[in-house]
Every structure is written in structure tokens, then in C-alpha cells.
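To start, the structure under review is shown below, and the notes come after it.
The values are calculated or read from the model by the stated rules, or taken from the named source; none is laboratory data. All values reported here derive from a predicted model rather than from experimental measurement. Every residue, glycine among them, receives a Cβ derived from its backbone with ideal geometry; neighbour counts consider all protein chains shown.
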Amino acid sequence: MSSVRRLVLTLVLATPVLLTAGCEDEDPRTPPTLHLGQDVCVACSMIVSDERYASGLVVERDGRVEKYAFDDVGEMLELTLEDLGFEDATSALWFVKDAATLEWIAAGEAFYVKSAELHTPMGFGVAAYASESDAQAAAQRTQGVVLRRDDLRGG
């Protein structure tokens, strides 16, 4: 990771945007509640605006539950807790939105389509699906390939 990107991540994380309002959504097992057009991506500080490619991270540390959004599935999949400055997390859950149903899915259970024809917010060209058949259909429509999370992880 470049020093500029690490600096930007550090600045963004110094004043985290928590996606929980009060205590209503403090359950560490549930994904963040997205506020499209308002929530800021924890990785790049862009506004989360396209739910099809949104993803989220729930971190528990220091007895607190913190929920973060990403504007691009591919961007989230490239990062580790260490990249985000969460080495001290006692637990972390990664979530992605199903591009077809817009329902949250545990990131490790999703099927991913990578295609140059998918125009995602940060240009990673990755969409997530809960079912393999939906992913296969999307891959066929977009000249893409179906992958699993480990196939997309950087480093």
C-alpha cells in the first residue's frame, strides 16, 4: 500500500464515521445500515451511492461495536484489518450486498463476478451474489468470471 493511501486511511480512520445511530444497531453480528448518498467509504472517503456494489465491515474493539461502509466490493476485498488500522479488533465481520437482491451476505459466503464490463464506483469491476447460479448468469451477461473471496483478496 502506498504511503499516500496509508496516510489517507489513517486520516479517515482518525475520525471514524460510525454507521450506527444510538444503540439501535449495536449487535456485532448484523451488517451496517446504509444511508446512500450520506455514508462515506472508510477506504477512499467517497460517498456510498450505488447499493449494488456496497459492502460493510463490523468491528468490535475496546468493548465497542463500530460499523463501516465501503463504496466498492473490490476495494473492500483488497484490504485487511491491519490496512484499516484495526489490529486491535476482538472480532470483525465482512459483508457485501447481493447485486441482484440488495440483501446483505456474509462476504465469505458470496460468489463474486469480476468483469471489465461492470462499472463499479472505484473501478474494481466486482459484484457479489448470494447464489452461484445468479453469479454464473451475471458472469455470462458481462463476459466475466465467477470467483470466491480468497481468489480476490490482495496480498
Please tell me if GLU87 is assigned to a strand (DSSP E or B) and over 27 Å from GLY37 (Cβ atoms). no
Candidate set: the stretch 107-118, residues that are surrounded by fewer than 17 Cβ atoms within 10 Å (Cβ to Cβ) and touching a residue at least 24 places away in the same chain (Cβ under 8 Å); chosen: the one farthest from ASP50 (Cα to Cα): GLY108
Could you tell me whether ALA128 is assigned to a strand (DSSP E or B) and modelled with pLDDT under 95? no
Among the acidic types (Asp, Glu) and modelled with pLDDT of 95 or more: does that describe GLU51? yes
Every residue in the stretch 62-81 that is farther than 18 Å from SER45 by Cα and either part of a loop (DSSP other than H, G, I, E, B) or of a type in the set (A, V, I, L, M, F, W, C) (or both), please. ASP62, GLY63, VAL65
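Here's the yes/no breakdown for (1) surrounded by fewer than 16 Cβ atoms within 10 Å (Cβ to Cβ); (2) small (Gly, Ala, Ser); (3) in contact (Cβ under 8 Å) with a residue 12 or more places away in the chain:
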site	(1), (2), (3)
ASP88	yes, no, yes
ALA92	no, yes, yes
THR101	yes, no, yes
ILE105	no, no, yes
THR120	no, no, yes
VAL126	no, no, yes
TYR129	no, no, yes
Out of the stretch 54-78, which residues are under 22 Å from ARG148 (Cα atoms), at pLDDT below 95 and of a type in the set (Asp, Glu)? GLU75, GLU78
Evaluate the following for LEU57: is it closer than 18 Å to LEU34 by Cβ and under 12 Å from the mean Cα position of the chain (by Cα)? yes
